[in-house]
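See below for the structure under consideration.
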Amino acid sequence: MSILQILEFPDPRLRKIAEPVSVFDEKLEVLIEDMLETMYEAEGIGLAATQVDVHKRLLIIDVSENRDSPQVFINPEIKILEDELSEYDEGCLSVPGFYETVSRPRMVKITAQDAKGEKFEQTAEDILATCIQHEIDHLDGKLFVDYLSILKRQRIRSKLQKELNKSA
Ligand code: QAP
Ligand code: CO
């Protein structure tokens, strides 16, 4: 297993649109294992393939307290089940050190495939619903900072850009 490099905002590769997964093979299983290891090492609750520069429709989530309940969603689609919104302070492994409140539909139905290609359906509420929507946004080249004011986004961008320049 290996720890993968996580792209950071404003890296333009975070804006790519991911392609559906069509082959469910050993290589995909290795990618999932590596993404899980990467997410746990970084102490994240969710990670989309886009964030590790793989532009395939695949994301992983673990919102459990014990960090022992990984969920894998391949080619995920969501349906909003309620008009009600919920607010969370969202962060992102690709926007390290920044947290801002975002409102999203509180309850969604997800249709996805597992690592073997089996289709499944699941309803999600609250933090899980928020996390899945956040991760699907990554597959569509979107980031939580896109929901903030231009001023806030630019402030975050210039701070992170300075960090990137320092380490370059
Ligand atoms: C998305 O984000 C999420 O800045 C997953 O220094 C987050 O796992 C959805 C992280 C909150 C809903 C609510 C961020 C770790 C992890 C950081 C993450 C950091 C270290 C973010
Ligand atoms: Co994120």
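Structure notes:
- The single condition among (1) surrounded by 18 or more Cβ atoms within 10 Å (Cβ to Cβ); (2) within 16 Å of ligand 2 (Cβ to nearest atom); (3) farther than 22 Å from R15 by Cα that I132 does not meet is (3).
- Within the stretch 1-56, the set of residues being open to solvent by 70 Å² or more (accessible area, probe 1.4 Å), in a loop (DSSP other than H, G, I, E, B), free of Cβ contacts under 8 Å to residues at least 60 places away in the same chain and of a type in the set (D, E, K, R) comprises just one member, E43.
- Within the stretch 135-149, the set of residues being surrounded by 22 or more Cβ atoms within 10 Å (Cβ to Cβ) and touching an Asp or Glu at 6+ places or on another chain (Cβ under 8 Å) comprises L143, F144, V145.
- When the stretch 49-72 is filtered for residues that are within 9 Å of ligand 1 (Cβ to nearest atom) and in contact with a strand residue (DSSP E or B) (Cβ under 6 Å, 6 or more places away or on another chain), only I61 remains.
- Enumeration of residues in the stretch 92-124 that are open to solvent by 40 Å² or more (accessible area, probe 1.4 Å), more than 13 Å from ligand 1 (Cβ to nearest atom) and under 21 Å from R67 (Cα atoms): D114, Q122, T123
- Number of residues in the stretch 91-130 that are touching a Leu at 6+ places or on another chain (Cβ under 7 Å) and closer than 30 Å to D25 by Cβ: the value is 7.
- One residue from E65, E77, E82 being open to solvent by 20 Å² or more (accessible area, probe 1.4 Å) and part of a strand (DSSP E or B): E77
The values are calculated or read from the model by the stated rules, or taken from the named source; none is laboratory data. None of the values given here were measured: they were computed from a predicted structure. Don't worry about glycine lacking a Cβ; one is built from the backbone with ideal geometry, like all the others, and counts go over all protein chains shown. Heads up: the accessible areas ignore ligands, DNA and RNA and are worked out on the full protein's heavy atoms, side chains in. Shrake-Rupley method; radii C 1.70, N 1.55, O 1.52, S 1.80 Å.
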